[in-house]
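Here is the structure we will look at.
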Amino acid sequence: MRAPAIQVRGLKKSYAHKVVLDDVSFEVERGQIFALLGENGAGKTTTVRILSTLIQADRGTASIDGCDVTLESDRVRQIISLTGQYAAVDELLTGKENLHLMGGLLHLDRQTVRRRATELLTLFDLTDAAGKIVKTYSGGMRRKLDIAISLLGSPKVIFLDEPTTGLDPRSRASMWEMIRQLAREGVTIFLTTQYLEEADQLADKIAVLAEGRIVAEGTAEQLKAVIGEERLELHFHNSADGRRAATLLHLPMEGDGLQLSLPAGGTTDSLRSALNMLHEHDIVPATVNYRKPTLDDVFMALTGNTEKEVRHYA
Amino acid sequence: MRRSALYWTLHDSGMMTIRSIRHMLRSPESLLLSVGLPVMLMLLFVYVFGGAIQTGGEYINYIVPGVIVTCVGYGSSMTAMSVALDMNGGLFDRLRSMPARPAALLGGHVLGTYVKSLLGTLLVFLCAIAIGFRPSATLLDWLGIFAILSLFLLAISWLAVVFGLVAGSAETASAFSFFIMFLPYVSSAFVPTETMPSWLHAFAAHQPMTPLIETLRGLLIGTPIGNQAVWAVVWFGGMLLLSATVASILFHRRRKV
């Protein structure tokens, strides 16, 4: 059996007296898009830095494609690429020179570098800007060049640390498309994000990191299932209607006394009887919305919780 | 393609050095600052202050070593800034996650600075000759000048790298230039140290720049060198070893934090 693309077991890391990672474990399958979701300071960047051989963990093991990141860091460096939070490009070189420099430092031979650079400049629509100094590039162009550089060596695993932070919505959408394209080509992608929507949109598997621990892990669907099923939201014209409805249905009032939400996950019977009861009492809701839980709810439910027990839904 | 670690270290250092030289060509203002300013300084000293300074000979012949040392100070402050930018801007992180040899990342900065400073030195020499500098150095003297200047340049470049690694930002790193550029003024670079107040004279006569400048001057125009050459080698040899070691420790410490 082949090793998973990324395997992390019991990773711990502290700085001085601050625990940054506290027993982090997860696995990423080949060709998967894996999202590590968490707020600022949750330990996302530290995880990326350990996996990309930049720093060493205090405890635990991590391997990429079966190679240990500490003991076989030279081999790991051959198969990964890292794109950090800030575009790590050389501002005083042109786009093409950046690619040639990085290609050389990846120890690719000259023909390969030239061929890959041309391919990537075309792929990222940077051919016209190839001869211009990067200082003159827009933020989006820099990000594209940054990603192009990380693809030079045809890596098996790509680390993207908050790839869309600071991008405008249009650049974000095109970044998402780029990431999906890479995944289609069989590359394993590890990305960190603070955006729930991003993880929901892109990831095959999501791990939620809070205060250095994985508090939940699974697909977006699995995580959503954690905090409950779909709900029917009822809005009323006035608070009197709202209160009467709440008493009839034995539900707590929400919002400013004008809103109720009832579980809609089970059979239609419970919904029908609830609506019938309101009808019999001449209570007519102003609006009715069907609402699926979002990752925001997952996030709030899991990280707002004081109880930090690890839940595994995969 | 299997090649030795040494091959790749040299290969990667070469690429980083070329990058560093490209930087100089891309920002001519920095070249202008590092060469233009010392040349202006030379003209100022020779034509404005020079008449009032007694050195026992042509003043232009006296100050050329000092101008060269000042020029190197500007150049290496650029290095400190550039290292700080690479360290804090994420470029070093990316390179350290690649097969590139770690030693080449700092080595490239040092070699690049060395080449740039040699070029700057050559320009200062040419300008000095144009305004009447007449060295009496023999071929052997020139070799000595090249050797002692190389030692000085490499030592200062490594020191600049240390500053760049320690500084949290490029702005802090640029403060390095102040320190390096200030030292030559309080040495025998522009005036004989005997003319200074006794407490300052004691410092000026024993700081590293004075033996360096005395040695260069002796080789260039034949003034007595004495044991100044030994002191220069001790000072800058020591600085080279210490700075390179500290830079390497600082760079590798990144793996732990």
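Summary table
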quantity	calculated
Subset of the range A:156-181 [part of a loop (DSSP other than H, G, I, E, B) and under 20 Å from A:GLY95 (Cα atoms)]	A:PRO163, A:LEU167
Any hit, the range A:140-156, residues being within 14 Å of chain B (Cβ to nearest Cβ), of a type in the set (A, V, I, L, M) and within 24 Å of A:SER63 (Cβ to Cβ)	yes
Flag if A:ALA129 is in a loop (DSSP other than H, G, I, E, B), more than 12 Å from every other protein chain (Cβ to nearest Cβ) and either free of Cβ contacts under 8 Å to residues at least 12 places away in the same chain or surrounded by 15 or more Cβ atoms within 10 Å (Cβ to Cβ) (or both)	yes
Subset tally (residues that are within 20 Å of A:GLY212 (Cβ to Cβ), free of Cβ contacts under 8 Å to residues at least 40 places away in the same chain and surrounded by fewer than 18 Cβ atoms within 10 Å (Cβ to Cβ)) for the range A:50-86	2
Counted residues, the range A:65-111 - those being closer than 25 Å to A:LYS144 by Cα, touching a strand residue (DSSP E or B) at 6+ places or on another chain (Cβ under 7 Å) and either of a type in the set (Ser, Thr, Tyr) or more than 11 Å from every other protein chain (Cβ to nearest Cβ) (or both)	3
Test for A:ARG75: is it touching a Cys at 6+ places or on another chain (Cβ under 7 Å), over 25 Å from A:GLN201 (Cβ atoms) and assigned by TED's automatic domain parsing to the domain that holds A:LYS205	yes
Hey, A:ALA207 part of a strand (DSSP E or B), at pLDDT 90 or above, in the same structural domain as A:GLN32 (by TED's automatic domain parsing) and of a type in the set (A, V, I, L, M) or not	yes
Every pair of residues 6+ apart whose Cβ atoms lie under 7 Å, when the first sits in the range B:45-57 and is under 13 Å from B:VAL67 (Cβ atoms) while the second is assigned to a loop (DSSP other than H, G, I, E, B)	B:PHE45/B:PHE190; B:VAL46/B:ILE131
Within the range B:3-120, helices (runs of 4 or more DSSP H) holding 2 or more residues that are more than 23 Å from the chain's Cα centre (by Cα) and within 14 Å of another protein chain (Cβ to nearest Cβ)	B:5-26, B:91-96
Single residue of B:VAL161, B:VAL191 found to be among the hydrophobic types (A, V, I, L, M, F, W, C) and more than 30 Å from B:ARG101 (Cα to Cα)	B:VAL191
Index of the failed condition, B:CYS127 passing every other in (1) away from every other protein chain (no Cβ under 14 Å); (2) within 30 Å of A:SER52 (Cβ to Cβ); (3) out of contact with any Ser or Thr (no Cβ under 9 Å at 6 or more places or on another chain); (4) not aliphatic (A, V, I, L, M)	(2)
Number of positions in the range A:31-61 that are within 14 Å of chain B (Cβ to nearest Cβ) and assigned to a loop (DSSP other than H, G, I, E, B)	7
Residue tally, condition in a helix (DSSP H, G or I) and either exposed (fewer than 13 other Cβ atoms within 10 Å of the Cβ) or of a type in the set (Ser, Thr, Tyr) (or both), over the range B:188-205	7
Residue identified as more than 30 Å from A:PHE26 (Cβ to Cβ), at pLDDT 95 or above and either more than 22 Å from the chain's Cα centre (by Cα) or surrounded by fewer than 21 Cβ atoms within 10 Å (Cβ to Cβ) (or both) among A:LYS135, A:LYS96	A:LYS96
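The values are calculated or read from the model by the stated rules, or taken from the named source; none is laboratory data. Fair warning: this is a prediction, and the values are worked out from it, not measured in the lab. All Cβ positions, glycine included, derive from the backbone under ideal geometry; neighbour counts span all protein chains shown.
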